[in-house]
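Okay, so here's the structure we're looking at.
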Amino acid sequence: MRDLHADDPVQIHLPRWMKVLLAAVSVGLVPWILYLTFTLPSRHVTYHYDVAWVGFDVGLTASFAATAWAAFRGSRWLVPLAAATGTMLCCDAWFDVVTSQSGGDMWEAIAEAALAELPLAAVCAFIVYDAETFLAATVTRFRRPAPS
């Protein structure tokens, strides 16, 4: 095992198979995206569109509630919950804008994304960044010095 110094970044070590799996999925998604690009219709009418959006918003609400709970408790779950909430907010903004009809609906979706969803996602990103900064400082502070 190598010596760790105060200026080393905090690293999370995963088993090799997880790293290979993540890389393989990212490479495998490229042909899938190309396939979808050329085969999906640009317009599709679907049933249960309302259920999809209501279900997503229920999940987003649950994610916000769990993130708030973790924040108030100072829980170790705060970082992953804030990351999930921020990700859901970015997805919500994206799909609101790209699925809206042109005109007033689109401008409403753009305004909602710009004034609510993306700023809230930025707050979540700051929570994740700040917690990572705190963790790195704490690990560095309490790391045992290398023997001389």
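Tabulated results
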read-out	value
Integer Hz, Karplus 6.51/-1.76/1.60 couplings in order for the stretch 24-37, x for Gly and Pro	5, 5, 5, 6, x, 6, 4, x, 4, 5, 5, 4, 5, 4
Cβ crowding within 10 Å averaged over residues, with 114-127, 64-77 ranked highest first	114-127, 64-77
³J(HN,Hα), Karplus 6.51/-1.76/1.60, whole Hz, each residue of the stretch 102-113, x for Gly, Pro	5, x, x, 4, 5, 5, 5, 5, 5, 5, 4, 5
Label point distance in nm, residue 102-residue 129, each placed 7 Å from Cα along Cα→Cβ	3.6 nm
Distance cut-off 20 Å, percentage of C-alpha pairs in the stretch 47-142 lying past it	45 percent
Potential extension, residue 30-residue 122 segment - 0.36 nm per residue separation minus Cα distance	30.3 nm
Ranked packing of 22-34, 39-51, most packed first, by mean Cβ within 10 Å	22-34, 39-51
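Computed from the coordinates by the stated procedures, all read-outs in this text should not be read as laboratory data. Worth saying up front: this structure is predicted, and the values here are computed from it rather than measured. Methodologically, a virtual Cβ is constructed for each residue, glycine included, from the backbone with ideal geometry; neighbour enumeration extends over all protein chains shown.
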